[in-house]
1. Once the Cα atoms of helix 115-129 and of the chain are each reduced to a long axis, what angle between those two axes, in degrees from 0 to 90 to the nearest 10, is obtained?
2. Tell me the relative contact order for the chain as a rounded percent, counting alpha carbon contacts under 8 Å between residues six or more apart.
3. For labels at residue 179 and residue 140 in the simple 7 Å Cα→Cβ model, what's the distance in nm?
4. Ignoring everything except DSSP H segments at least 4 long, calculate the 222 nm mean residue ellipticity for the chain; use -39,500 (n - 2.57) per segment, divide by total residues, nearest 500.
5. Kindly state, to the nearest 0.05, the FRET efficiency for residue 65 paired with residue 105, given R0 = 22 Å and r defined as their beta-carbon distance.
6. May I ask you to derive the FRET efficiency for residue 96 and residue 203 from their Cβ-Cβ distance with R0 = 30 Å, giving the value to the nearest 0.05?
7. If you count, for each residue, the other Cβ atoms within 10 Å and average over each peptide, how do 68-75, 161-168 line up from highest to lowest?
8. How do 183, 214 rank when sorted from fewest to most other Cβ atoms within 10 Å of their own Cβ?
């Protein structure tokens, strides 16, 4: 944790509950979508402009609870580092998301050091960072007044969903051909950085809530 020198802060439980309000599980909406046309570049205004951001963070996974501070920092080489620790400085993980799309684990606590957990966290935070938005591969569809910008992945799809006018990012999803796997919200942007982030998995108990700390 010496790299970023995260300060000691008391975690406020009142900041952590996030009303995600997400109802999809087996995504019938995906099956009812119609082809549409829209400017994919509209998504760029929702891409978080992280320089340095600190979040109170709560993680609930399979009846286990972790809470602490998540620091997100843009590095001089344009990579993004994410360091999650408790209030006493005990590190949970330290990840790097490089500008070329590669991913590196600098450290991770033993209980989380499982390939499936690391891959899940990697994909979750790639959604949050809005990485890998290749406009040439995007497909645009619509359903019930929402616009779906769909990006094929090596397994499944990433969905970035806006309202019809394109001025609100309603939610993001990672999905297979048959169902939604995870849903993500980012709300209340301040100077390009979301104040509130919620990550909710649909196939097993794994939820992450983040509330930004003003420094």
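None of the figures in this text is laboratory data; all of them are computed from the coordinates on show. Bear in mind the structure is a predicted one, so any value in this text is a computation, not a measurement. For neighbour counting, all protein chains shown are included, and Cβ atoms are generated from backbone atoms with ideal geometry for every residue, glycine included.
1. 70 degrees
2. Relative contact order, the chain: 22 percent.
3. 3.2 nm
4. Computed ellipticity for the chain at 222 nm equals -2500 deg cm²/dmol.
5. Efficiency, from the Cβ-Cβ distance: 0.50.
6. Rounded to the nearest 0.05, the efficiency is 0.65.
7. Going by the mean number of other Cβ atoms within 10 Å, highest first, we get 68-75, 161-168.
8. The fewest-first ordering by Cβ neighbours comes to 214, 183.
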